[in-house]
1. Could you list M180, M211 in order of exposure, starting from the residue whose Cβ has the fewest other Cβ atoms within 10 Å?
2. Checking a compactness column here: for region 237-337, what do you get for Rg(Cα) / (2.2 N^0.38 Å), N being the number of residues?
3. Can you tell me the dipole magnitude for region 245-387 around its Cα centre, using point charges on the Cβ only (Lys, Arg +1; Asp, Glu -1), in Debye to the nearest 20?
4. Cross-link candidates for K95: which lysines have Cα within less than 20 Å, leaving aside residues fewer than 8 places away along the same chain?
5. Placing unit charges on C-beta atoms (Lys and Arg positive, Asp and Glu negative, everything else neutral), compute the dipole magnitude of region 1-69 about its Cα centre in debye, rounded to 20.
6. Divide by every residue of the chain the summed helix terms, -39500 (n - 2.57) for each DSSP H run of at least 4, and state the resulting mean residue ellipticity at 222 nm, rounded to the nearest 500 deg cm²/dmol.
7. With charges only on Cβ, +1 for K and R and -1 for D and E, what is the dipole size of the chain about its Cα centre, in debye, rounded to 20?
8. Taking N as the number of residues in region 388-490, what is its Cα Rg relative to 2.2 N^0.38 Å?
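Where a number appears in this text, it was derived from the coordinates with a stated rule and is not lab data. As the structure is a prediction and not an experimental result, all values here were calculated from the model. Cβ sites come from the backbone with ideal geometry, for glycine too, and all protein chains shown count toward neighbours.
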Amino acid sequence: MTWQAHNRVAVGLIWQETNSFNPLATETSDFITHEGDAVLSAYEATATALGGIIRRLRALGAVPIPTFAAKARPGGPIRDAVVEDLIARLIDRVKSEEIDAICLELHGGMASETVADVEGLLLSRLRKAIGRSVPISVALDLHGHITDRMVANVNFLTGYRTHPHSDMVETGERATEMLMNIVQRRVKLVSARRSVPFLALWRDETAEPPMRDVYQTLVTEAARHQHYIDASIFNTHPFLDAPGLGQVVVSYFDDDTPAAVSLTNAIADKLWSIRKEFVGEAPGLDEVFARADKAAREGSQPVAIGDQGDSVLAGTPGDSVEIARYAAKYYPALRGLIPVFDPQAVATARAAGIGTTVTLHLGASITPELVPLELTAIVVALTDGIFPNEGSYMKGVLNDMGATAILQAGAQTFIVTSRAPSACDPGLARHTGKALTNFQYIVVKSSNHFRLSLSPACDCIVAATPGLSSRKPDYLRHQKARPIFPVDEL
Ligand SMILES: [Zn+2]
């Protein structure tokens, strides 16, 4: 088979990032699903890997055949029955179409109640269903837990190169272009994979040292080898508890296995040698609010505070009120915007109605060891919690925070949600009916990606806070992943 204008390529997506420590399981209702042509209308125009795949296929003259897409925000382990259903729906759609190849966007870090690599299960079933002759190419998140089972069941996989992720589209394009090379038999791909048993808890952004230096090593190593094709470095996200967890390197070469092994080992050895650089702490709330207070007195831009310990984008519930409690106590005059997951409080606000005053215990309903905030507030607005991202991170993708209540308590505006508040976007402020500039600080349940969408409108800073995505080594609860550094001294 050769690449031709009529080549039909099945496209699809299953996406969630699992935080093994979140006690709230991910259910069917947490997934937004699309089938058939609805996949194209939902994703073609978005700044995602799937958007990149679809647009690149069209540019190359191929026909994207939409199959199935299911996306949930990061969260707790997915119910086993939900995983079975999602995989079956994707495979049924793929099998019902006449196709020449498959290109998928997957996260790589999905776990169910009993399966530590859901993508490995999915890809092994897909391979079995379609046979060896149909090439499969996959675009993945940099935080994936990439197992041998995944590598063995695809022809090619490639991950984002940036964190925060600003190259989702390019990753989808790369997966698509390599698929074209495979279909045209221009390459005879061989791969090498190695996992390095440590957690990247800190300083894991790719534009800064030490990861910037690791990518420099990759450039140097790649230049030494004539048959180099591609290499991905997966900084597997640290809140997955899975056997064999670690930082993963996967490289592809054109028919040169010894070179693939050599390059993969060089990058893996480099990562291991600098593992201690990935342990550290963000500034505490004293330092963060001193900065917010100074900015407010000088009339400069608001401070966006990443709630590192309760980062919904790292799969936590989003129910921490620790930043709000600190601010109310020490900086009560600062105008702040604070998202909190609390369906019970939303129900109370809805029952009370707009304009009424409610007294309630807010937040901390899921995360163990956190304490609710005692709050008297005015119900300012009640919304459906749905709005599109305006900033560059996942621009155009809809946020669905469920039934939402906007509460005002003194200078603090609470955006109380009945789904985990994953938005880290200027749209969050707009959703309260106020401009971003009305606030002097904005709390976001994110520890990295908010920079992409809130800078330069805000001064972005991450705060060390407690919770299920805290980076403090003594908060880590891993069991299945052990031994792993720095939980264990290796
Ligand atoms: Zn990621």
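1. M180, M211
2. 1.67
3. Value, rounded to 20: 600 debye.
4. Hits, sequence-local ones excluded: K128.
5. That gives region 1-69 a dipole magnitude of about 440 debye.
6. Helix-only estimate at 222 nm: -9000 deg cm²/dmol.
7. Roughly 440 debye, rounded to the nearest 20.
8. Ratio of Cα Rg to 2.2 N^0.38 Å: 1.30.
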